1. Which one of these is under 22 Å from residue 10 (Cβ atoms) and among the aliphatic types (A, V, I, L, M): 43, 48, 107?
2. Can you name every residue in segment 19-75 that is within 12 Å of residue 87 (Cα to Cα) and of a type in the set (Phe, Trp, Tyr)?
3. List the helices (runs of 4 or more DSSP H) that sit entirely inside segment 7-121 and contain at least 2 residues that are open to solvent by less than 40 Å² (accessible area, probe 1.4 Å) and modelled with pLDDT of 95 or more.
Amino acid sequence: MATPPPTDLAGERLVRKTPDRILPLDESDQEYIRTGLEAVQEAFGIAALPDAPLALMPGRTLMRLLVDLRARLRPRNPDQTAAWGRLAGAILVLDTAGEFATQHSLAEERRRTMERDDLED
């Protein structure tokens, strides 16, 4: 029985911290992620693009796809190395969008709490 590959703890952390809802990615961010996945498909000869449009995928699901691809693939030529590197960029774009969405939600909750407290005074 083969031993399972070691868990990518940094990747797991990224997946778990990404909100499990659709993120407000602007069109350029979606295009960056999409072209990165297309580059992976082309260079590695695998299906990397999801069946669903990126704009409709929950952030956590998309992050899982990106992190798993990056952990699983091993580049063997310059084209594969470039495509594999683009996955890191896509992960950073998605991580930034997820962090922004989280901070925005927290700020909105603080604002509502302050408004509620003002009304009670």
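1. 48
2. Listed by number, the list holds a single entry, 32.
3. Passing ranges, in order: 27-44, 59-72, 78-120.
The values are calculated or read from the model by the stated rules, or taken from the named source; none is laboratory data. Predicted model, so just to flag it, every value in this text is computed and none were measured. Ideal geometry is used to build each Cβ from the backbone, glycine not excepted, and the neighbour counts take in all protein chains shown. Ligands, DNA and RNA are excluded from the accessible area calculation, which covers all protein heavy atoms including side chains. Shrake-Rupley method; radii C 1.70, N 1.55, O 1.52, S 1.80 Å.
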